[in-house]
Amino acid sequence: TKSRVFKIVTIPGDGIGVDITEAAVAVLQKLAVVSGTFEFEFTEKDWSSKKYQERGYYMPEDGLDQLKKFDAIYFGAVGWPVRIADLGPRTDVPDHISLWGLILPIRNALGQYVNVRPTRVLRGITSPLKDCGPGDLDWVIVRENSEGEYAGHGGTTHGAFSHAVATEVSIFTRVGIERIFRFAFETARSRPRKKLTMVTKSNAQRHGMVLWDKIFTEITKEYPDVETDKMLVDAMTVRMTLHPKTLDTIVATNLHADILSDLAAALSGSIGIAPSSNLDPMREFPSMFEPIHGSAPDIAGKGIANPIGAFWSAAEMVRWLGFTEAADGLMAAIENVTEAGIKTKDLAGASDTQTVTEAVCKEIEKVL
Ligand code: NAI
Ligand code: MG
């Protein structure tokens, strides 16, 4: 049979985004060759904070249209908030500029209204929680990715004066809420435990979150086979930490899920492990795959970034493109490597990015 060719655009971005994107591309190429059922054609876009400093923008005016021509987007990380003398002339960019100059416009314009963040304790990795091994923490966080607290509504008045005022308005729409809950229910239904926990804060946020709760109750009726419960976001941090086994699929707003998924990553061993998929479930536009971590200026340029989150994100991309077996194979290869103790410093290991990457490539040959 002829193999399918997928056009993938990579945006390495800043800091360790560059290191881990290079590692992910190497692993994806290896996977394609060994699997023999698909091929990748990579195109790289240098839309970084360095470029922003040089020319005043991240992506060109037709940047979003350029992205629409690809089958998927692989993203590293963007952000360069600090000035670091020994990393050359690169200067700092405020975080709201980098976020709104690149990643948020892509998520918004390409209909990527779901952000999926799986977390589990991989073989060979130690959770900071005691008695929490593989199987004890196995979650999928479904994050609303298009509105809520990151809708961009608001403004500043009297900005230059001591009576400056700024508003940040959360937007919750019936369409936005219904579609994220339906996706979360489908996700829960596809997993063995068929269990969905909805995160809210309707005690204090008495408009948007009350609508959120109301629609959840409505949609629950469409999925009688899925077991549901409801948590306030503050109490949720306690449950995640003390009773990780009681959770399976989790759905939360843009901001709440952003925070909870960093906690989830830390509880499963390191923020360097965790993947995320920005999905357009309608498949009208390309979806985007990226590790959840940022550009990590403190370790950038040292070759020691953990590439596992990048590999796991690559596996999710392969899965989204329809190659379940290859995706599972890549995950098995990753876990064989972590189990063998070939790990970066954030996981208390001694290997660098390149060593872990080569080890995963070697395992792919054995597993597939
Ligand atoms: P960060 O995730 O870059 O780093 C937090 C800590 O985790 C640092 O100590 C870092 O060394 C460590 N870390 C992160 N990824 C790692 C990896 N793969 N291997 C080993 N250690 C790792 O978050 P931070 O410092 O808050 O943000 C830095 C910049 O990244 C900011 O400009 C921020 O806005 C941006 N950022 C961008 C994201 C994106 O592009 N989607 C997501 C999160 C942050
Ligand atoms: Mg985050």
Next item on the list: Scan region 315-326 and report the pairs whose first residue is more than 22 Å from Glu284 (Cβ to Cβ) and whose second residue is buried (at least 23 other Cβ atoms within 10 Å of the Cβ), with Cβ atoms within less than 8 Å and a gap of 6+ or a chain change.
Entry: Ala315/Pro275; Ala315/Leu330; Ala315/Ile334; Ala326/Leu31; Ala326/Val318
Next item on the list: Being over 12 Å from the mean Cα position of the chain (by Cα) and assigned to a loop (DSSP other than H, G, I, E, B) is the filter here, so list the residues in region 126-145 that pass it.
Entry: Thr126, Ser127, Pro128, Leu129, Lys130, Asp131, Cys132, Gly133, Pro134, Gly135, Asp136, Leu137
Next item on the list: All but one of (1) out of contact with any helix residue (DSSP H, G or I) (no Cβ under 9 Å at 6 or more places or on another chain); (2) buried (at least 22 other Cβ atoms within 10 Å of the Cβ); (3) outside the structural domain of Ile177 (by TED's automatic domain parsing) hold for Ala257, so report the exception by its number.
Entry: (3)
Note to self: Can you go through Val82, Val33, Val27 and tell me which one is at pLDDT below 95 and either within 26 Å of Ile271 (Cβ to Cβ) or not in a loop (DSSP other than H, G, I, E, B) (or both)?
What the structure shows: Val82
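Every residue in region 241-262 that is within 16 Å of ligand 2 (Cβ to nearest atom) and either closer than 17 Å to Ala188 by Cβ or touching a strand residue (DSSP E or B) at 6+ places or on another chain (Cβ under 6 Å) (or both), please.
Result: Ile250, Ala252, Thr253, Asn254, Leu255, His256, Ala257, Leu260, Ser261.
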Check: Given the conditions (1) within 21 Å of Val121 (Cα to Cα); (2) assigned to a loop (DSSP other than H, G, I, E, B), which single one is not true for Ala326?
Finding: (2)
Notebook entry, point to check: For region 307-323, which residues satisfy the criterion of being within 16 Å of ligand 2 (Cβ to nearest atom) and in contact with a Gly (Cβ under 9 Å, 6 or more places away or on another chain)?
Noted result: Gly309, Ala310
Checklist line | Subset of region 167-201 [free of Cβ contacts under 8 Å to residues at least 24 places away in the same chain and closer than 16 Å to Glu149 by Cβ] | finding: Thr167, Glu168, Val169
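The values are calculated or read from the model by the stated rules, or taken from the named source; none is laboratory data. Keep in mind that this is a model prediction, so the values were computed, not measured. Methodologically, a virtual Cβ is constructed for each residue, glycine included, from the backbone with ideal geometry; neighbour enumeration extends over all protein chains shown.
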